[in-house]
Protein chains: 4
Amino acid sequence: MSVSPLVRNEIAHLAHAELFTADLGGSLWFFQTLLGMRETGRQGDSVYLRCYEDPYHHSLKLTAADQPGLGMLGWRTASRDAFDRRAVALDKAGLGTGPTDGDLGVGPTFGFTSPDGHPMELVWDVEKYRAPESLRSPILTRPSKRPLQGIPPRRLDHVNLMASDVTEQKTLFEQTLGFGTRETVVDGPAEMGAWMSVNALGHELAIMKDATGSRGRLHHLAFWYGIPQHNTDFAEICREYGVRIEAGPDVHGVTQGAFLYVFEPGGNRIELFGNTGILQFEPDYETRVWDLKEFATGAGLAIGGTTMPPEFMIYGTPPTAEQAGMVTGRTVGALT
Amino acid sequence: MSVSPLVRNEIAHLAHAELFTADLGGSLWFFQTLLGMRETGRQGDSVYLRCYEDPYHHSLKLTAADQPGLGMLGWRTASRDAFDRRAVALDKAGLGTGPTDGDLGVGPTFGFTSPDGHPMELVWDVEKYRAPESLRSPILTRPSKRPLQGIPPRRLDHVNLMASDVTEQKTLFEQTLGFGTRETVVDGPAEMGAWMSVNALGHELAIMKDATGSRGRLHHLAFWYGIPQHNTDFAEICREYGVRIEAGPDVHGVTQGAFLYVFEPGGNRIELFGNTGILQFEPDYETRVWDLKEFATGAGLAIGGTTMPPEFMIYGTPPTAEQAGMVTGRTVGALT
Amino acid sequence: MSVSPLVRNEIAHLAHAELFTADLGGSLWFFQTLLGMRETGRQGDSVYLRCYEDPYHHSLKLTAADQPGLGMLGWRTASRDAFDRRAVALDKAGLGTGPTDGDLGVGPTFGFTSPDGHPMELVWDVEKYRAPESLRSPILTRPSKRPLQGIPPRRLDHVNLMASDVTEQKTLFEQTLGFGTRETVVDGPAEMGAWMSVNALGHELAIMKDATGSRGRLHHLAFWYGIPQHNTDFAEICREYGVRIEAGPDVHGVTQGAFLYVFEPGGNRIELFGNTGILQFEPDYETRVWDLKEFATGAGLAIGGTTMPPEFMIYGTPPTAEQAGMVTGRTVGALT
Amino acid sequence: MSVSPLVRNEIAHLAHAELFTADLGGSLWFFQTLLGMRETGRQGDSVYLRCYEDPYHHSLKLTAADQPGLGMLGWRTASRDAFDRRAVALDKAGLGTGPTDGDLGVGPTFGFTSPDGHPMELVWDVEKYRAPESLRSPILTRPSKRPLQGIPPRRLDHVNLMASDVTEQKTLFEQTLGFGTRETVVDGPAEMGAWMSVNALGHELAIMKDATGSRGRLHHLAFWYGIPQHNTDFAEICREYGVRIEAGPDVHGVTQGAFLYVFEPGGNRIELFGNTGILQFEPDYETRVWDLKEFATGAGLAIGGTTMPPEFMIYGTPPTAEQAGMVTGRTVGALT
């Protein structure tokens, strides 16, 4: 990694994400009834939700829209000074869109886009979640009790973005925001994917080549169980309650993450993450490079017997015209 | 085992149990809100519940009473003829209490008591559970969808009875009802415990010496997860929602069962069973005999590091006068 | 089920199996080094192995041969009388091949074939395994200590046979040997598969239509973990040590079994069974019938996201001429 | 946390530990035969071992000695500059013991002691582990294949030190080495324990009050499974092969870590860590403070039913004169 020490440790973690959904009611059923996330606010066409170990007001904002896709990604900086420094750097990179007034539970932010056009923001001022008495857990590091509803994930984990140019995207996150690149996939000279992190996680941000040539699309947003069995439990729930499973439960070789990919009714691909994947502590870690051939047929995509369906490589949100109707997150009449 | 071939295979399995509860509302909160059991009927002071893989109308009947304890155990016979034959045999043993009209979802039964006085019945005619459309599972061997509430067990598993005379109790079940004895614990010549089954399970019936000299008490009723992680999940729920955990999650050496013992608010000890334990298929299986000393300090009670609390050996329901208030299943104000 | 009470409970369980292997060294590496099974004897071209909770001398006999396939299946009867009665019945059905002298650890048997020609035998006299002092477990129901080698399964679980005529095969096992049929798959009037058992297990015997028109072939032999995580552990081992994974870990809707299918180096398909599947205790259980379409695309073959590869439906051992070289159980140089 | 930004991110992680053992053969049997760690070197009275995902030459050095205890803890810095800066700071704090020539696989170090006298060193130059061809994994982030021996942990996780003065110890690690304090336990004004980390882990260093008044003792060293089932698997192995289990498997409320404590034959307490515990990403995280009473009887020490044995609070290595013989890691004759 050629990341300057001056840039490292400036971003702390992925704090929140906004998803557009073409079926807000269906999406709420998915995230609240099946995944047990709790609502913490409503405003306009948006509903705010959090997992029981998310530290802030919300980690997910669902907003009704014509098309599914990514509305916003919020990266929390390591300090107020880091916020200021990164804003300057993003402006210098020509990607800054300027300060905003923030949102429910979120103070002033600095907006920017990824080189591919994904909407993002830096944030320092956030509202820490304080549970009401009835939801307070005797486990002090847990901001709220484990829900009794569905198979509840513990926190927002990571995001996977499709990009027209993986290298350009990766370089911005390395050079301007201080991400370390843990693993990449290459097809000859071309970079096809990258897994990046600002902390010990195997990735908080992944980038995959968008073979359709589209720009700024979302591949998936991931929530964390940390416990392998819960991926199996949720797959069973999806099967019984009519949510379409795309792949898994299985384990990726890349990141060593235990995955389950499903489509929420609003059309977005959601991953449930059933372990911690590989944690990385070496300060001079060298990026691991997969060859695309080995990646696709070897341990890269799946350690077990899973063959990823072709749509996994091309479907993103918003879908292209050809992809409209490619996935259906909810079977008719499945809402019970 | 000295069980006559004529007696074997006459009892099919444990079909239902009735528990008395001193706090019906608290017990319903425990079994419905935390364990996700579904109500299938109400009558008088009783509520009928089932787990999602229980085959019949109900597996648990909760009845309001002054004291916790066992109301009834229903053993389903292998056939109508077996029902008739076992009724005759129980009458001959002096334990029959005669035919009954049955109950919600239960046809005519033949009542009897164990030698120690535990209320029991034989049943052949039962109402098979048929789920309404919305609860029907695409998994055909599953009578109803897995609930989205709490950490739901799959079926009633077994019962553990305290008895003033273990050998007398065991002999009746061997000779008159055809149970096989898988394991016993002895203290010199005295039998202190026995684990018995009519099928491949390690036990559907356990008997433990009641050191208080009481008769006809219940040690615990057990429900089946089959998945070790779910015992850990439920322990976490109990801790956060104020249910008292007595011991576990750990694994018994006896039966190899993954256990979690908790007290439901009504005062009864409930076990959650997180694996299948040892399955037994040998037709000429020889009973394994534990010495009490090795049992208590060796692998018998726990393979892991658990030391069973002293109350595990003496508390049963109904509690003795000295045991009143010994356990509290619910922390005040914990109902949320 | 139309099984006569006179036939029920005559067969106790699947006691042993013989596999032919085209690579005895490779097969031994698979079963001993990766699966931790222990050798209990050698004779001629055969090696005898057992899992640590198998009750008898061996559960698996590996025999060097030109082609992989099934050498023998040994069904233990419920008693000596049942042995005699079933032998008469098999002779009457025209399938008996007469008494044999037995084998290492196996007393006299009565040989027969399935209607499709699979070699089988009834056995009553078996040698119970007695561990040497150093392998004796403090867990009394465990015949020997859990091995420290590989990811060891606990016992032989079940067998899946391909057959040219599923109904003919099923009927023999129902009428002559007393198996209950738990689930079937039908394509219009044609039976495509059946899952059968003589005890509480979801199946000890499965039958699948052989689309190649071959007779007497083996689909797979299964060993039992009972713990879901161990299927994931073994998949990882297979990936790292060069064993080809066909499908899984995932869970079948049929039998609710947690499966992992791999090819052992000798060419046979082996399943690892990571839970207990559905247990069945109802004496008047009604066979569940899957429609082939729902079975293949719905929950039948996989509750999770697995798509079974086409070879799963057609490959059996011995392979047909077209199937030679279709699977390779071992990557060259992988033996370490 | 009042840690200056100048001090943060200077230490990367716990890189290696040396344990003294009074039974080197027994300790090697424990770490190699039961835990599957691989030897990477031998020198003098020392053997060097690593887990299969440890990044460097070794994570554990076992050295024969009269008494068990901690020989050395190696903290890797975030950079060469950080190494120099921290060495100066430690000298200034009066705790530096000066540069050393390093060890097998370890370059020059800077030695120091904790305020309580625990031997430690900073290190930047380390030998990255490069597996021979036969041990190379197709999973690129995994430095070597998962072993086929025992129940192998993946990496060194954390250390727990007993100290005569918790606050003094904690303050040094906060102020001089930049550790964040995630959780503490207090008894009125007195600090009884602290859990500290330099990264997202819930702790890489814990400090517990030494009630015996001894100085510089080790409470335990922990290795990481990350998978809850593996703690249960290893408990079973310990029970069958004669290793004394102190407590667990269960889950601490503090750190949310899934624990199993056992005594290795050399006399040291070893923890196996079966999940990831709580991960912490908030840059302005506020230390959680447990009251000793709630900690001991509430969720702090165990979420499940475990009561920690009294020795857990007082036994450390080297043992005091009174503690000699308090634990026995190996049952006589258990080595098989």
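The values are calculated or read from the model by the stated rules, or taken from the named source; none is laboratory data. Everything numeric here is computed off the predicted structure, so don't read it as measured data. Reconstructed Cβ throughout: ideal geometry from the backbone, glycine too, with neighbour counts over all protein chains shown. The protein model used for the area step is the full one, side chains on, heavy atoms only, and it has no ligands, DNA or RNA in it. Shrake-Rupley method; radii C 1.70, N 1.55, O 1.52, S 1.80 Å.
Could you identify which residue out of B:Gln169, B:Gln256, B:Gln229 has the top mean-square fluctuation in a GNM of chain B using Cα springs shorter than 10 Å? In this elastic network of chain B, the residue with the biggest mean-square fluctuation among B:Gln169, B:Gln256, B:Gln229 is B:Gln229. Within the shell of other residues whose beta carbon sits under 12 angstrom from the beta carbon of B:Leu201, the net charge comes to 0, with Lys and Arg scored +1 and Asp and Glu -1. Other residues lying with their Cβ under 13 Å from the Cβ of B:Thr287 contribute a combined charge of -3, Lys and Arg counting +1, Asp and Glu -1. In the protein assembly as shown, helical runs assigned H by DSSP with n ≥ 4 each contribute -39500 (n - 2.57); averaged across all residues and rounded to the nearest 500, the mean residue ellipticity at 222 nm is -4500 deg cm²/dmol.
Each label was represented as a point 7 Å from its Cα along the Cα-to-Cβ direction; for B:Val289 and C:Arg130 these points are 1.6 nm apart. Placing a label point 7 Å from the Cα of A:Glu133 along the Cα-to-Cβ direction, the distances to the matching points in the other copies come to 4.6, 6.5, 7.0 nm, shortest first. Taken along the Cα-to-beta-carbon direction at a fixed 7 Å, the label points for C:Ala324 and D:Gln67 span 7.2 nm. Mean separation of Cα pairs under 8 Å and 6 or more residues apart, divided by the residue count, gives region C:1-81 a relative contact order of 44 percent.
So what does log10 I(q)/I(0) come out to for region C:78-165 at q = 0.13, 0.23, 0.25 Å⁻¹, using the Debye formula with one equal point on every Cα and no solvent? Reported log10 I(q)/I(0), two decimals: -0.64, -1.14, -1.23. Each Cα pair of region D:137-202 feeds into the Kirkwood radius, which the Stokes-Einstein equation turns, at 25 °C and 0.890 mPa s, into a diffusion coefficient of 167 µm²/s. Note on region A:211-269: Cα-Cα pairs beyond 20 Å make up 31% of the total pair count. Taking a ≥ b ≥ c as the square roots of the eigenvalues of the alpha carbon gyration tensor, chain A is rounded, as a/c is under 1.5.
Taking 8 Å as the Cα distance limit and 6 or more residues as the minimum spacing, I'd like the relative contact order of chain A as a percentage.
It rounds to 18 percent for chain A.
Accessible area per residue was computed with a 1.4 Å probe on protein heavy atoms; D:Glu322 scores about 150 Å².
For a Förster distance of 25 Å, can you work out the FRET efficiency between the beta-carbons of C:Asp91 and B:Glu282, rounded to the nearest 0.05? E(calc), rounded to 0.05, equals 0.45. To the nearest 10, the accessible area of D:Leu70 is 10 Å² with a 1.4 Å probe. Spacing of the modelled spin labels on B:Ala211 and B:Thr297, each 7 Å from Cα toward Cβ, amounts to 1.5 nm. Other residues within the sphere of radius under 12 Å centred on the Cβ of D:Gly188, judged by their own Cβ, net out at -2 (K and R +1, D and E -1).
Accessible area buried by the pairing of D and C, both sides summed with a 1.4 Å probe, works out to roughly 2200 Å².
By the Kirkwood approach, averaging reciprocal distances over each pair of separate Cα atoms, the protein assembly as shown gets a hydrodynamic radius of 32.4 Å. Once you order the gyration tensor axes a ≥ b ≥ c over the Cα atoms, which shape class does region A:190-336 get: rounded for a/c under 1.5, otherwise prolate or oblate by comparing a/b with b/c? The shape class here is oblate. Report the residue, chosen from B:Pro189, B:Pro115, B:Pro309, that carries the largest GNM mean-square fluctuation when chain B is represented by alpha-carbon nodes joined by springs under 10 Å. Between B:Pro189, B:Pro115, B:Pro309, it is B:Pro189 that shows the largest mean-square fluctuation. Each Cα pair under 8 Å and six or more residues apart adds its separation to the average, and for region B:79-118 the resulting relative contact order is 31 percent.
Does region A:28-152 classify as rounded, prolate or oblate by the C-alpha gyration tensor (a ≥ b ≥ c root eigenvalues; a/c under 1.5 gives rounded; else a/b over b/c gives prolate, otherwise oblate)? Judged from the Cα gyration tensor, region A:28-152 comes out oblate (a/c at least 1.5, b/c at or above a/b). Full extension of the chain segment joining A:Leu6 with A:Gln175 gains 59.8 nm, where the gain is 0.36 nm per residue of separation less the Cα-Cα distance.
Assuming R0 = 30 Å, what is the FRET efficiency of D:Asp45 and D:Asp81, from their Cβ-Cβ distance, to the nearest 0.05?
0.30
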